[in-house]
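Visitor: This is the structure I have questions about; it appears just below.
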């Protein structure tokens, strides 16, 4: 939600300047140190989290190296790592038996080309129901002597790799030589980076590359475009190893194909020799690469060196070919430009060599066996002579087979555009099938939650809360720093005094917000607190500055303070466009998220609020709008110090909102590329999050005209929340208020709910 317009930000600054002309401006709250920070504290907060993440990325590389150095010779360690890699790539679905089918018109399914001792067929093979791998089979006319799977870059057509449409290149020449020597070859087509089918023509078309278009929904469902293509490769390997069970098998990939080849070989020990071309290097800058390479928790245990180490003692050949030139998504006119930024890196020869040396260092005993090679020249094309000679040697093929003869075309090549459309739509359909099963999958996860009573429910869901925090949100270490509260007075009205507050969280990370303290609190009285959370691009001033009346927030922080509640309005770090969205990109490969930091900022905030003499630590409630509503679902589900939560303008069938391609509400169509959370669809929809809040009071505020989602989605999901509370005989602890209005705070039923559940009578009532 674009909750803060530029004119509002200006008004906030002017308001602060005018108020600070008063003699009391800047005076700290009793018991706190003076706050002397200047500048934009929200921007500085986001920058501090960036610095913290940069340190964690550097630290995890060191930790990973130590861990692998101690464990790589342990078979159980490698088996555990393969299971982990398969999980984070989403290669968890059972493949269908691979049957190679020739593609062509009825009555004309013969080869499209013939060369010296081989024929070329367009083929497909089933991977899952309705999903096929596609490409070309190069079949020797004599006895096969080896098998090879070739993976082009995403933007290369398999026809080009074989020299069927653009002439013979270094790589295609070598492949023809391999085929003439008896090597059976399958060339796989990968999903490209164009945006032809990204979107729904009945809803909106986007400029997301096809790989991102597939990645978004798949990531939410615990699957990945990388994993999908690894599955396609392994399905082809199933066929190749069945066709030639005693033949050596190799895999060769360039660019995006190099990534898939490296991942496939790390998982699949059937591959004897692997060529990774135009891809290998350090991955600490993964957050700057295209988002379809973003893998949850990857860097905790895997860099390219570690994936390479999983291949040993099998052969790994890293070729210094120039990576594909990718500087961002397509900028197609007439489409929504919401694709994530991202650049394919071009590591230096030194960076590639250093990463290779890390892989070699894990296996010093295998060094003399020559399992690891670095070949080719930086700036060269894939398939250079040294590379292909090393691959041929590993597969038992002649290293030189004479001059390759360009294959002769026999009939028209298949329509590559139609093939790409089938691939894109096939993987999307598979994601849809996972989405359809998600309610049942979540039900299985929750099978041991015991709803016999409130007590059994609380006890039996502790493990689920831990799972949500550690595996979905991502758990940071508990803050080790003291709170070190610094404050300064910034507002005063007849009803309350306002303070800016800064609290330490980590060395580079602080929590920031505005505290409104009602006047006239009797000595010894402890008041309830309502933590009021802004939305996307918002600031605490939007709801707690008495001089600002933002239409989304209706001054609800100020209004609650006027009712006698202590109010705290935190600054959450979702502000600054890509400046904050790249926090999610940096965090995800560490098994963390933006909410990992938000949780710890709120933990410190709760700890501090509980120390205030006028605060009742057992009556601290949460009330957030829009992105603040997302916070209302996630943070109180983890932090039980929040005694109550209200989600405004965000509660709905959250998984549909992230995965469906049939409604404009879906984040599939929008620029909030940070919104997708790994495997959330199979673990915690909004109802399940509310079940983690249960039995504490929980409320939804919903405007009929709110464009976040339709009422039907909200009602469908909320029925599951109501059901859980009712079955525990605490149905009056949850409520939903619909009102005739847009995406905003209504502040009617919710205010009544707060007064009731916090046992704090409204003004004029006793």
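Conditions (1) closer than 24 Å to residue 188 by Cβ; (2) at pLDDT 95 or above; (3) touching a strand residue (DSSP E or B) at 6+ places or on another chain (Cβ under 8 Å), marked per residue:
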{"residue": "59", "(1), (2), (3)": "no, yes, no"}
{"residue": "119", "(1), (2), (3)": "yes, yes, yes"}
{"residue": "122", "(1), (2), (3)": "yes, yes, yes"}
{"residue": "128", "(1), (2), (3)": "yes, yes, no"}
{"residue": "132", "(1), (2), (3)": "yes, yes, yes"}
{"residue": "137", "(1), (2), (3)": "yes, yes, yes"}
{"residue": "145", "(1), (2), (3)": "yes, yes, yes"}
{"residue": "151", "(1), (2), (3)": "yes, yes, yes"}
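Visitor: Applying the selection to region 448-495, what residues are at pLDDT below 95 and in contact with a strand residue (DSSP E or B) (Cβ under 6 Å, 6 or more places away or on another chain)?
Guide: 479, 481
Visitor: With the condition kept exactly as written, say whether any residue in region 128-150 is under 26 Å from the mean Cα position of the chain (by Cα), touching a residue at least 24 places away in the same chain (Cβ under 8 Å) and buried (at least 23 other Cβ atoms within 10 Å of the Cβ).
Guide: yes
Visitor: Since residue 341 meets every condition but one in (1) surrounded by fewer than 17 Cβ atoms within 10 Å (Cβ to Cβ); (2) at pLDDT below 95, which condition does it not meet?
Guide: Single failed check for residue 341: (2).
Visitor: Let me ask something else. Could you tell me whether residue 292 is at pLDDT 95 or above, under 30 Å from residue 147 (Cβ atoms), in the same structural domain as residue 154 (by TED's automatic domain parsing) and within 13 Å of the chain's Cα centre (by Cα)? Please lay out each step first, then the result.
Guide: Working: at pLDDT 95 or above: yes; under 30 Å from residue 147 (Cβ atoms): yes; in the same structural domain as residue 154 (by TED's automatic domain parsing): yes; within 13 Å of the chain's Cα centre (by Cα): yes.
The answer is yes for residue 292.
Visitor: Looking only at region 725-766, which residues are closer than 12 Å to residue 623 by Cβ and either touching a helix residue (DSSP H, G or I) at 6+ places or on another chain (Cβ under 8 Å) or free of Cβ contacts under 8 Å to residues at least 12 places away in the same chain (or both)?
Guide: 745, 747, 751, 754, 757
Visitor: Out of the helices (runs of 4 or more DSSP H) lying entirely within region 192-281, which hold 2 or more residues that are surrounded by fewer than 23 Cβ atoms within 10 Å (Cβ to Cβ) and touching a helix residue (DSSP H, G or I) at 6+ places or on another chain (Cβ under 9 Å)?
Guide: Working: elements: 210-220, 225-243, 256-267.
The helices (runs of 4 or more DSSP H) meeting that bar are 225-243.
Visitor: Going by what's in this entry, would residue 631 be described as assigned to a helix (DSSP H, G or I), surrounded by 24 or more Cβ atoms within 10 Å (Cβ to Cβ) and out of contact with any helix residue (DSSP H, G or I) (no Cβ under 8 Å at 6 or more places or on another chain)?
Guide: Working: assigned to a helix (DSSP H, G or I): yes; surrounded by 24 or more Cβ atoms within 10 Å (Cβ to Cβ): yes; out of contact with any helix residue (DSSP H, G or I) (no Cβ under 8 Å at 6 or more places or on another chain): no.
No; evaluated as a whole, the condition is false for this residue.
Visitor: Could we say that residue 32 is surrounded by 14 or more Cβ atoms within 10 Å (Cβ to Cβ) and at pLDDT 95 or above here? Reasoning before the result, please.
Guide: Details: surrounded by 14 or more Cβ atoms within 10 Å (Cβ to Cβ): yes; at pLDDT 95 or above: yes.
So residue 32 fits the description; yes.
Visitor: When region 603-628 is examined, which residues are found to be assigned to a loop (DSSP other than H, G, I, E, B) and crowded, with 24+ Cβ neighbours inside 10 Å? Full working, then the answer.
Guide: First pass over region 603-628, keeping only residues assigned to a loop (DSSP other than H, G, I, E, B): 610-614, 626.
Matches in region 603-628: 626 only.
Visitor: Then there is this: Check 538, 498, 557, 524 and return the single one that is surrounded by 21 or more Cβ atoms within 10 Å (Cβ to Cβ), out of contact with any strand residue (DSSP E or B) (no Cβ under 8 Å at 6 or more places or on another chain) and either in the same structural domain as residue 684 (by TED's automatic domain parsing) or within 20 Å of residue 42 (Cα to Cα) (or both).
Guide: Numbers: 498 fails: out of contact with any strand residue (DSSP E or B) (no Cβ under 8 Å at 6 or more places or on another chain); 557 fails: out of contact with any strand residue (DSSP E or B) (no Cβ under 8 Å at 6 or more places or on another chain); 524 fails: surrounded by 21 or more Cβ atoms within 10 Å (Cβ to Cβ).
Of the residues listed, the single one that is surrounded by 21 or more Cβ atoms within 10 Å (Cβ to Cβ), out of contact with any strand residue (DSSP E or B) (no Cβ under 8 Å at 6 or more places or on another chain) and either in the same structural domain as residue 684 (by TED's automatic domain parsing) or within 20 Å of residue 42 (Cα to Cα) (or both) is 538.
Visitor: Filter region 538-578 for residues that are within 30 Å of residue 298 (Cα to Cα) and touching a helix residue (DSSP H, G or I) at 6+ places or on another chain (Cβ under 6 Å) and give the result.
Guide: From region 538-578, those within 30 Å of residue 298 (Cα to Cα) are 571-578; that's our starting set.
Result: 571, 572, 573, 574, 575, 576.
Visitor: Residue under question is residue 723, and the condition is that it be within 21 Å of residue 693 (Cα to Cα), in the same structural domain as residue 685 (by TED's automatic domain parsing) and within 34 Å of the chain's Cα centre (by Cα); does it hold?
Guide: Taking the combined requirement at face value, the residue satisfies it.
Visitor: Inspect all residues belonging to region 692-704 and state whether any of them is under 32 Å from the mean Cα position of the chain (by Cα), loosely packed, with under 15 Cβ neighbours inside 10 Å and farther than 27 Å from residue 221 by Cα. Reasoning before the result, please.
Guide: Applying the first criterion (under 32 Å from the mean Cα position of the chain (by Cα)) to region 692-704 yields 692-704.
Restricting the remaining residues to those that are loosely packed, with under 15 Cβ neighbours inside 10 Å gives 704.
Filter again for farther than 27 Å from residue 221 by Cα, leaving 704.
Within region 692-704 (the criterion being under 32 Å from the mean Cα position of the chain (by Cα), loosely packed, with under 15 Cβ neighbours inside 10 Å and farther than 27 Å from residue 221 by Cα), the answer is yes, since at least one residue qualifies.
Visitor: Further question: Among the residues of region 166-175, is there at least one that is more than 23 Å from the chain's Cα centre (by Cα) and free of Cβ contacts under 8 Å to residues at least 40 places away in the same chain?
Guide: Here is the first cut: in region 166-175, the ones more than 23 Å from the chain's Cα centre (by Cα) are 166-175.
Of the ones still in play, those that are also free of Cβ contacts under 8 Å to residues at least 40 places away in the same chain are 166.
Yes, region 166-175 has at least one match.
Visitor: Give the residue, chosen from 82, 64, that is crowded, with 18+ Cβ neighbours inside 10 Å, outside the structural domain of residue 427 (by TED's automatic domain parsing) and in a helix (DSSP H, G or I). Walk me through how you get there before you give the answer.
Guide: Numbers: 82 fails: crowded, with 18+ Cβ neighbours inside 10 Å.
Within the list 82, 64, the selection yields 64.
Visitor: Residues in region 424-433: is at least one surrounded by 14 or more Cβ atoms within 10 Å (Cβ to Cβ), under 25 Å from the mean Cα position of the chain (by Cα) and part of a loop (DSSP other than H, G, I, E, B)?
Guide: No, there is no match, as no residue in region 424-433 is surrounded by 14 or more Cβ atoms within 10 Å (Cβ to Cβ), under 25 Å from the mean Cα position of the chain (by Cα) and part of a loop (DSSP other than H, G, I, E, B).
Visitor: Quick check: anything in region 379-401 modelled with pLDDT of 90 or more and on the phi > 0 side of the Ramachandran plot?
Guide: yes
The values are calculated or read from the model by the stated rules, or taken from the named source; none is laboratory data. Bear in mind the structure is a predicted one, so any value in this text is a computation, not a measurement. FYI the Cβ positions are ideal-geometry reconstructions off the backbone, even for glycines, and counts take in every protein chain you see.
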